[in-house]
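Structure first, commentary second.
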Amino acid sequence: MLPDYRIVDDPYLIPKFDITVDDLESIVDELRGFHEQFNDCFLRSEPRENFFYYMVGQLSPLERKSIEPIALNIENAKVRAMQFFVSDAFWDDKKILSKYRSMVKDDMGEPDGVLIFDESGMVKKGNESAGVARQYCGNIGKVENCQVGVYVGYATRHGYCLLGSRLYVPEIWFSDEYAGRRKRCRFPADLTFKTKPQIAAELLEEIAQSGQIPFRYVVADSVYGNCPAFRNAVESIPNVAYLVGMPNITQCWLRRPITEKKEYKHGRVRKTKLILKASEKDPITFDTFAKSLNNFFWYRRKVSEGTKGPIEYEFTKRQIVLARDGLPEDDVWLIIRRTLGENPIYSYYISNAMGSTRLKTFVWLSGARWAIEQCFEEAKTELGMDHYEVRKWPGWIHHMMTCMLAHFFLWHIKVRLGEKNTSGYSVTNPDFA
């Protein structure tokens, strides 16, 4: 059933990052001040300094931002010391994350913030890096030898950033054959296989339980949306709604069908199971429903401004009942988006938002994943997010953590300097009904 909370229909602009080199007059001094906030997260002065050097390298104009080029080009930095620092030195990861998220709350926190879950892959050579395997890499759109991380982003009217990351480790890595590799990569002793949606649910629960980051919405693609456990994790958080992608073959009813109990024998034991009443029709797929709709029900809406002009789609929404294993499950909104033209491409989303939620809120949320895609793009092109050469589990965790911090540091400067202009990324036109 739909939850009884109420969500304010209040779309807003997610701003663009528009800081230039000319705005960064005293970046090194400011970076020192930023790093001092994390001094008590390290036991000695050497890792504190390497923490600073590493981020200086990430923010530098170096073409390659792996450990060796950074150490060779940053004054007083040393290659071996930095290698040890990233992969083997002690970091109080939990304290660093807690301090970082408090900073995010101060600069960007809003009650109607959006959490965005997505994955990103990095192509890797060899088979010794933690979690590396032949698997689908979204960056290049095919199966390749790569590492894949699950990330959670955050977006409000004040900006966007990454809040956390977890390395996805394919199931084969937990076989006896890989025991030696797990040891060499310093996997935690209690690490077990988890699917990407399970990892995302853990990140979500961690953020919700900390109480540090305010948010009202959760957005994810069909990798996560098609997992009932992930949706249940969102629904367990009061006053939070999701908009998640779903496959086109997902089945539903337009009204809740009548079910009845049927008795059957299991050995000598008599049991009952729930079945559809004989007079009820079978569920239909999202694709079948969408392609049967009259044009009367479709609304053209601008989602964003592209380089070649406005990006527009047609949308419609309908309350439906999800089908699972041939039986009715949740009452949800189905939101359908299609491209313009003679042969439209359809995309499907579901949401547990309240019944009075307007179409523009769903249109807005459907475009909010732009923010985490920008995080990946900016961190990879500007901060060397995909330049790392570390092999161990702690090294991957620490590299991604410094990328998050460096990216947020630049956003902090933007927030501190104030608005340069009034432009922003418009995921919806707030004037339409």
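The values are calculated or read from the model by the stated rules, or taken from the named source; none is laboratory data. Predicted model, so just to flag it, every value in this text is computed and none were measured. For neighbour counting, all protein chains shown are included, and Cβ atoms are generated from backbone atoms with ideal geometry for every residue, glycine included.
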Conditions (1) surrounded by fewer than 17 Cβ atoms within 10 Å (Cβ to Cβ); (2) of a type in the set (S, T, N, Q); (3) under 27 Å from the mean Cα position of the chain (by Cα); (4) not in a helix (DSSP H, G or I): number failed by S102: (4)
Which listed residue, of F289, F315, F230, is touching a helix residue (DSSP H, G or I) at 6+ places or on another chain (Cβ under 9 Å) and either hydroxyl-bearing (S, T, Y) or over 30 Å from E202 (Cβ atoms) (or both): F315
Selected residue [crowded, with 19+ Cβ neighbours inside 10 Å and either without any contact (Cβ under 8 Å) to a residue 24 or more places away in the chain or over 30 Å from A179 (Cα atoms) (or both)] from G109, G126, G138, G113: G113
Residue check, I311 at pLDDT 80 or above, among the β-branched types (V, I, T) and buried (at least 17 other Cβ atoms within 10 Å of the Cβ): no
Odd one out for A353, checked against (1) in contact with a Cys (Cβ under 8 Å, 6 or more places away or on another chain); (2) under 30 Å from L276 (Cα atoms): (1)
Selection from segment 355-376 of residues that are more than 30 Å from H387 (Cα to Cα) and not polar (S, T, N, Q): G355, R358, L359, K360, F362, V363, W364, L365
Selection within segment 141-155 - aliphatic (A, V, I, L, M) and touching a residue at least 12 places away in the same chain (Cβ under 8 Å): V148, V150, V152, A155
Any chance E329 is of a type in the set (D, E, K, R), within 29 Å of C227 (Cβ to Cβ) and out of contact with any Asp or Glu (no Cβ under 8 Å at 6 or more places or on another chain): yes
Close pairs from segment 293-304: first free of Cβ contacts under 8 Å to residues at least 60 places away in the same chain, partner β-branched (V, I, T) and surrounded by 13 or more Cβ atoms within 10 Å (Cβ to Cβ), Cβ under 6 Å, at least 6 apart: F297/T316; W298/T316
Qualifying residues in segment 281-303 (those that are touching an Asp or Glu at 6+ places or on another chain (Cβ under 9 Å) and in a strand (DSSP E or B)) - the one nearest to L327 (Cα to Cα): Y299
Test for E314: is it within 30 Å of Y160 (Cβ to Cβ) and among the charged types (D, E, K, R): yes
Filter result for the condition that a residue is free of Cβ contacts under 8 Å to residues at least 60 places away in the same chain and assigned to a strand (DSSP E or B), over I320, I336: I336
Selected residue [assigned to a strand (DSSP E or B) and among the aliphatic types (A, V, I, L, M)] from I70, I140, I116: I116
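Would you kindly identify the helices (runs of 4 or more DSSP H) lying entirely within segment 177-280 that contain at least 3 residues that are touching a residue at least 24 places away in the same chain (Cβ under 8 Å) and either surrounded by 13 or more Cβ atoms within 10 Å (Cβ to Cβ) or over 18 Å from the mean Cα position of the chain (by Cα) (or both)?
196-210, 222-225, 228-235
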Filter result (of a type outside the set (S, T, Y), touching an Asp or Glu at 6+ places or on another chain (Cβ under 9 Å) and farther than 26 Å from C137 by Cβ) within segment 170-227: P214, F215, R216
Single condition N226 does not satisfy, out of (1) polar (S, T, N, Q); (2) within 21 Å of R369 (Cβ to Cβ); (3) out of contact with any Pro (no Cβ under 9 Å at 6 or more places or on another chain): (3)
